[in-house]
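Values quoted throughout were computed directly from the atomic coordinates according to the rules given, and no laboratory measurement underlies them. Values in this document were obtained by computation on a predicted structure and should not be read as measured data. Here Cβ is always computed from backbone atoms with ideal geometry, including for glycine, and neighbour counts include all displayed protein chains.
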Ligand SMILES: CC(C)(COP(=O)(O)OP(=O)(O)OC[C@H]1O[C@@H](n2cnc3c(N)ncnc32)[C@H](O)[C@@H]1OP(=O)(O)O)[C@@H](O)C(=O)NCCC(=O)NCCS
């Protein structure tokens, strides 16, 4: 799918495939320390990135590519069901979700593109697809750090609801969930 940013830049959104190893590695390596401290669903080393690009699993990985430079400028993961720690934490609060209708979400946008509207445009398109395939709930992968104002606002903008909070690495994190039906 094609997106057009407010500054008229054209962006293509597609699923990651085996041709993207170098580009994804470059993208992850170029993220600032601040962004890496907020986004870390998996290690960013070459071996992991190569494995991710060449093997399929239960995670849909969408990338946004700047049509002019060919660079990846955003990377968003949607895992079917929940990761172990999230499931455990929600279950302790007696909050349960159906594996087949739940996905777990981790978004990232390149530093230079943050607050450009790219995250919103990309997310909205993917959310539509998930909804049409019967997804009922989107859970945040490892929650969101309470101090990550940009991300918390992003989730609130799209109607994510607060389900609870927890401490991890001496930081407060929020569990937020989007209901699609
Ligand atoms: C969180 C993230 C995915 C949002 O994508 P984005 O492209 O930056 O967001 P957008 O430009 O589409 O803005 C969406 C909303 O976020 C909020 N927002 C954007 N920039 C903001 C800022 N500087 N301060 C506070 N809120 C901000 C606003 O609510 C905005 O909506 P609005 O423009 O309609 O007011 C992106 O900033 C990112 O990758 N951040 C670093 C990694 C990260 O934190 N990932 C999430 C881990 S839980």
Checklist outcome for this item: Dividing the helical contributions, -39500 (n - 2.57) per DSSP H run of n ≥ 4, by the residues of the chain yields a 222 nm value, nearest 500 deg cm²/dmol, of -9500 deg cm²/dmol
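Counting DSSP beta bridges with both partners in the chain, what percentage is antiparallel, nearest 5? Each step should come with its number before you reach the end.
Values: 34 of 38 bridges.
Just about 90 percent of them are antiparallel.
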Item to check | R0 of 30 Å, Cβ-Cβ distance residue 124-residue 35: FRET efficiency to nearest 0.05 | outcome: 0.90
Checklist outcome for this item: Per-residue Cβ contact counts at 10 Å, fewest first, order 155, 84 as 84, 155
Checklist outcome for this item: Under a Gaussian network model of the chain whose springs join Cα atoms within less than 10 Å, the largest fluctuation of 83, 72, 138 belongs to 83
Item to check | Using alpha-carbon coordinates, inclination of helix 21-30 to the longest axis of the chain, degrees | outcome: 70 degrees
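Quick one: grab the alpha carbon gyration tensor of the stretch 72-151, order the square roots of its eigenvalues as a ≥ b ≥ c, and give me rounded if a/c is under 1.5, else prolate or oblate depending on whether a/b is larger than b/c. Please report the intermediate quantities before stating the final value.
Working: a/c = 2.58, a/b = 1.43, b/c = 1.80.
Oblate, since a/c reaches 1.5 and b/c is not below a/b.
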Checklist outcome for this item: Note: residue 179 to residue 149 extended length (0.36 nm per residue) minus current alpha-carbon separation gives 8.7 nm
Checklist outcome for this item: Checked the chain against the a/c 1.5 cut and the a/b vs b/c comparison, axes a ≥ b ≥ c from its Cα gyration tensor; verdict rounded
Checklist outcome for this item: Of 144, 73, 152, the most mobile residue in a GNM of the chain (C-alpha springs, cutoff 10 Å) is 152
Next on the checklist: Between residue 1 and residue 170, how high is the FRET efficiency from 1/(1 + (r/R0)^6) when r is the Cβ-Cβ distance and R₀ = 35 Å? Nearest 0.05.
Outcome noted: 0.30
Checklist entry - Can you give the extra length, in nm with one decimal, that the chain gains between residue 12 and residue 101 once fully stretched, where that is 0.36 nm per residue apart less the Cα-Cα distance? => result 29.4 nm
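Relative contact order for the stretch 16-160: what percent, with Cα pairs under 8 Å and sequence separation of 6 or more? Before the final figure, lay out the partial values.
Values: 162 pairs, mean separation 32.0, N = 145.
Taking the mean separation of contacting Cα pairs over the length of the stretch 16-160, I get 22 percent.
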